[in-house]
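Beneath this line is the structure, given in structure tokens, with notes to follow.
The values are calculated or read from the model by the stated rules, or taken from the named source; none is laboratory data. Predicted model, so just to flag it, every value in this text is computed and none were measured. Here the Cβ is made from the backbone with ideal geometry for all residues, glycine too, and neighbour counts use every protein chain on show.
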Amino acid sequence: MFPLHDPLTDALRQELASYDDLTAALLVRRGVMTRDAAERFLNPSYDLHLHDPLLMNDMPKAARRLADAILNNEKIAVWSDYDCDGIPGAVVLHDFLKKVGADFENYIPHRHNEGYGMNVVGIEQLAASGVTLVVTVDSGITDSEPIERARALGMDVIVTDHHLPALSEVEGPALPNAFAIVNPNARADEAYPFHDLCGAGVAWKLVCATFATEPSLREKAPLGWEKWLLDMVGLATIADMVGLTGENRVLATYGLLVMRKSPRIGLQKLCRTMRVEQRAITEDDVGFMIAPRVNAASRMGDARDAFRLFTTTDEAEADLLAKKLEKANRTRKAEAGAITRAVHTRLKERELRSVIALGDPEWRPALLGLVAGTIADEYERPVFLWGREGNMRLKGSMRSGGDTHALDLMRATVDTFEGFGGHAAAGGFTVLDEAVFYLEDRLVTAHALLETRESDDFSEHADAVITPEEATESFLKKIEKLSPFGMQNTKPAFLLREVTVRGVSRFGKGEEHLKLKIDSSAGRGSIDAVTFFAKGAVARAASELSAGSRAHLLAHLERDTFSRGNPVRLRLINIRLV
């Protein structure tokens, strides 16, 4: 049986007495402990709940420098990352600089040929074109060498980023020698109250600060115009999987509102291509539909295709680019599927060990995180996959597949990685050429030495027990008051005890998806319960189900947007046979 979360204390229940039991419990599990905090969480306000951007360290200096560059007609370059945080952030600064009449260009490094972050060759190209100010988006905090080169060539660099800085062995964080560093995570003495902005969020804060610093820019952009940029900020905030609490909750909420009525022709065309109704876009549409297509641009070709899609005002070009991203996403799926099949074939031919580590110089590193996640979920153990970049380095991705801490495992594997990074569940790495032949042996040895961390993952805990009859439209609306859902605000999970399975079916081209029909006496006969790409424990349990089986289900509630009337259905998390 799936465990329930602990009940609320009497004191907390009294503090949140104006809310029903479920809402109060869900709020507390998200760290919302007071009436005032609950009001901010349930009713995020653009006017009341965003912080002054000029509070951020170096922001006044950065905003003044950017304003002066605009007013003096200096040539500005925006250097952004190529993912679904960097691209939207690049669009934010593009739209702002275009609106105020600046002389500027956008530089987006090629994922396969240049790799992440700034590089000296690109900096030299910008200097040769007359650039005197470089503004980074979602990158720069670890790029000391390119920034030093920019200074030597007479260029100032404003770093806007949210990643952690590199660490020196003696002095702690090693910050690049930039003109200004705007990053709420760069310094221990950061004054800004909220530290979890995504890269595009920090870039948007620079736009707001520049307007506040130089009021004359309002002659070209009226008060409030910057709200229209929130479609891109919301897209990045949701796609980059930062915590959807605090300011991010405001940015995601208003970002979705702007997306639903955005005049951006590229977004409109992309929605039509994906068959997503723009006026009803949700965080799921962003996470599972829009973001993969934006990321497919850099993974399968050139990130500038996604950038141009969101910045063009030409309908024909937008239509062409939307279709190009759709095609890139299909190709991404096909290539990732081919790698997945290759991994399965190789695993069948060898002993399965506590860590899986495989690679092929022909595998595209940009796709390996997707494949590693699939394999880790299926085999429920850490998975490391590597391929060769355009610069000939062996790069890869890993997924933990369980309780093993990804970073701890890589730290414990000595003399193997040229570099690595990530968090508890996932990471990326560059493996030394001479170590690749012993990669799995060394990881298995390190894994045996690590103590499995005590899990603090509550994904298998239920927020409440419900019956199929309670899975109604009104109940779903109560839950949706806590949306948008995402990191640190996950969708509530519900336990349905001893339900009767009326039918079991598979769907999808490869019958990789699972649908159960669950008995309900609520006048509709049954309710659907689905999961996509069923694997691991869910797939094993489903293989033992048939009509008439009894089971405990752990599930989210959602709308079935592909069926007439958008009925409520269950999204399966796990299944336990009775």
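Table for the structure above
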| quantity | calculated |
| --- | --- |
| Contacts under 9 angstrom Cβ, first residue in the range 395-408 being closer than 24 Å to Arg111 by Cα and in contact (Cβ under 8 Å) with a residue 12 or more places away in the chain, partner of a type in the set (Asp, Glu) and outside any helix (DSSP H, G or I), 6 or more apart | Lys395/Glu389 |
| From the options Phe41, Phe2, residue that is over 26 Å from Ala127 (Cβ atoms), of a type outside the set (S, T, N, Q), in a helix (DSSP H, G or I) and in contact with a Lys or Arg (Cβ under 9 Å, 6 or more places away or on another chain) | Phe41 |
| Pairs with Cβ under 8 Å, 6+ apart, first in the range 36-65 and outside the structural domain of Val135 (by TED's automatic domain parsing) and among the aromatic types (Phe, Trp, Tyr), second surrounded by 15 or more Cβ atoms within 10 Å (Cβ to Cβ) and assigned to a loop (DSSP other than H, G, I, E, B) | Phe41/Arg30; Phe41/Val32; Phe41/Thr245; Phe41/Leu482 |
| Condition check for Asp305: over 22 Å from Arg364 (Cα atoms) and at pLDDT 95 or above | no |
| Test result for Val414, of a type in the set (Val, Ile, Thr), in contact with a Gly (Cβ under 7 Å, 6 or more places away or on another chain), farther than 30 Å from Arg275 by Cβ and surrounded by fewer than 21 Cβ atoms within 10 Å (Cβ to Cβ) | no |
| Any hit, the range 117-131, residues being under 29 Å from the mean Cα position of the chain (by Cα), assigned to a loop (DSSP other than H, G, I, E, B) and at positive phi | yes |
| Sole residue being in the same structural domain as Leu97 (by TED's automatic domain parsing), within 17 Å of the chain's Cα centre (by Cα) and in a helix (DSSP H, G or I), chosen from Ala291, Ala200, Ala297, Ala252 | Ala200 |
| Scope the range 320-357; condition under 25 Å from the mean Cα position of the chain (by Cα), of a type outside the set (A, V, I, L, M) and closer than 12 Å to Thr374 by Cβ; matching residues | Lys333, Gly337, Thr340 |
| Filtered residue count, the range 75-110, keeping only those that are without any contact (Cβ under 8 Å) to a residue 40 or more places away in the chain, of a type in the set (Phe, Trp, Tyr) and more than 19 Å from Trp228 (Cβ to Cβ) | 1 |
| Failed condition for Leu50, given (1) farther than 23 Å from Gly243 by Cβ; (2) in a loop (DSSP other than H, G, I, E, B); (3) of a type in the set (A, V, I, L, M); (4) under 23 Å from the mean Cα position of the chain (by Cα) | (1) |
| Some residue of the range 213-232 being charged (D, E, K, R), touching a Lys or Arg at 6+ places or on another chain (Cβ under 8 Å) and within 19 Å of Gly86 (Cα to Cα) | yes |
| Every residue from the range 154-180 that is more than 14 Å from Trp79 (Cβ to Cβ), more than 21 Å from the chain's Cα centre (by Cα) and in a loop (DSSP other than H, G, I, E, B) | Gly154, Glu169, Val170, Glu171, Leu175, Asn177 |
| From the options Asn185, Asn113, residue that is modelled with pLDDT under 95, part of a loop (DSSP other than H, G, I, E, B) and under 16 Å from Tyr82 (Cβ atoms) | Asn113 |
| Criterion: within 30 Å of Ala252 (Cα to Cα) and either exposed (fewer than 14 other Cβ atoms within 10 Å of the Cβ) or under 24 Å from the mean Cα position of the chain (by Cα) (or both) - qualifying residue of Arg564, Arg506 | Arg564 |
| Members of the range 333-360 that are surrounded by 12 or more Cβ atoms within 10 Å (Cβ to Cβ) and in a loop (DSSP other than H, G, I, E, B) | Arg353, Ser354, Val355, Asp360 |
| Residue that is modelled with pLDDT under 95, surrounded by fewer than 24 Cβ atoms within 10 Å (Cβ to Cβ) and over 21 Å from Leu97 (Cβ atoms), where the choices are Ala166, Ala152 | Ala166 |
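A quick yes/no check of all residues on (1) assigned by TED's automatic domain parsing to the domain that holds Lys395; (2) in contact with a Phe, Trp or Tyr (Cβ under 9 Å, 6 or more places away or on another chain); (3) modelled with pLDDT of 95 or more; (4) more than 24 Å from Met392 (Cα to Cα):
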| site | (1), (2), (3), (4) |
| --- | --- |
| Glu326 | no, no, yes, yes |
| Gly337 | no, no, no, no |
| Ala342 | no, yes, yes, no |
| Thr345 | no, no, yes, yes |
| Ala357 | yes, yes, yes, no |
| Glu362 | yes, no, no, no |
| Ala366 | yes, no, no, no |
| Gly369 | yes, no, no, no |
